[in-house]
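Remarks on the structure that follows.
We did not get these values from a lab; they are worked out from the coordinates using the rules stated. These figures come from a predicted structure and were not determined experimentally. When we count neighbours, we look across all protein chains shown, and the Cβ atoms used for this are built from the backbone with ideal geometry, even at glycine.
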């Protein structure tokens with residue numbers, strides 16, 4: 001990972017989050033529920049999981065965070081250091097068991113992997129998608145952080161809400177407020193440090209993760225399936241319980257496209273059950 005820090009490290013960073021708790025059962029003396037923390041993609045915010053969280057909230061304590069630099073956590077500059085610090089503080093102060101399941105998409109997946117590397121004792125499991133380390137032209141483009149940030153910032157200013165949702169495909173239903181949040185996060189200040197950190201991630205970083213059960217998934221329409229397979233093999237080499245999958249019909253941002261399928265996979269992984277059939281295993285001989 002990159003050793004450069006945009007600002008000095010800060011202690012006990014408090015990121016914004018929304019909590020969804022299971023309904024109280026008066027006859028149940030054990031009111032504890034496992035916690036799932038959702039980590040959104042770059043430019044996005046907690047609203048990304050608006051249709052997924054309710055499908056799990058009857059059985060799990062759900063925390064939907066805004067990562068550093070984004071939306072309600074905009075005052076905290078983004079870096080892997082700050083994201084790790086903030087998640088560690090959140091889990092140790094707001095999670096009863098002081099351990100949580102993590103779910104991350106894109107940037108959120110990369111943050112989840114880095115957090116699992118640095119703080120494995122705070123992680124029950126990790127389910128992540130669209131976060132295999134970049135290679136080839138994707139790595140080159142991401143490494144051009146100033147250019148890429150500028151292009152996205154300009155495009156965000158020009159796009160109407162209709163254009164924004166149309167760009168994701170006809171099978172994506174708009175979520176109120178999300179487009180406005182994404183556009184407010186499309187700035188050089190937010191995006192450049194994000195791309196700088198993403199370009200620094202390598203397979204060696206994944207190989208340094210120990211003791212965390214991880215599912216890494218590719219959206220078959222837009223993510224790099226070969227890189228996801230390679231990442232899965234690296235993770236499996238350190239923990240035989242790790243696995244890799246592809247959902248063939250999924251776009252990169254499939255938290256918006258296929259919320260039910262997304263939630264079904266999260267539930268299966270968290271509960272240690274067989275993944276739904278739509279999750280095609282990428283590691284030979286695994287189901």
In a Gaussian network model of the chain with springs linking alpha carbons closer than 10 Å, the residue among 237, 255, 145 that fluctuates most is 237
Summing -39500 (n - 2.57) over every DSSP H run of at least 4 residues in the chain and dividing by its residue count gives a helix-only mean residue ellipticity at 222 nm, to the nearest 500 deg cm²/dmol, of -11000 deg cm²/dmol
Among 201, 172, 278, rank each residue by its count of other Cβ atoms within 10 Å, from fewest to most, as a rough exposure measure. 278, 172, 201
Can you give the extra length, in nm with one decimal, that the chain gains between residue 208 and residue 75 once fully stretched, where that is 0.36 nm per residue apart less the Cα-Cα distance? 44.8 nm
Listing 66, 173 from the residue with the fewest other Cβ atoms within 10 Å to the one with the most, what is the order? 173, 66
Given 0.36 nm per residue, what is the gain on full extension from residue 260 to residue 173 after removing their alpha carbon distance, in nm? 30.0 nm
Counting just the Cα atoms, what span does the chain cover along each of its three principal axes? Round to the nearest Å and put the largest first. 55, 43, 42
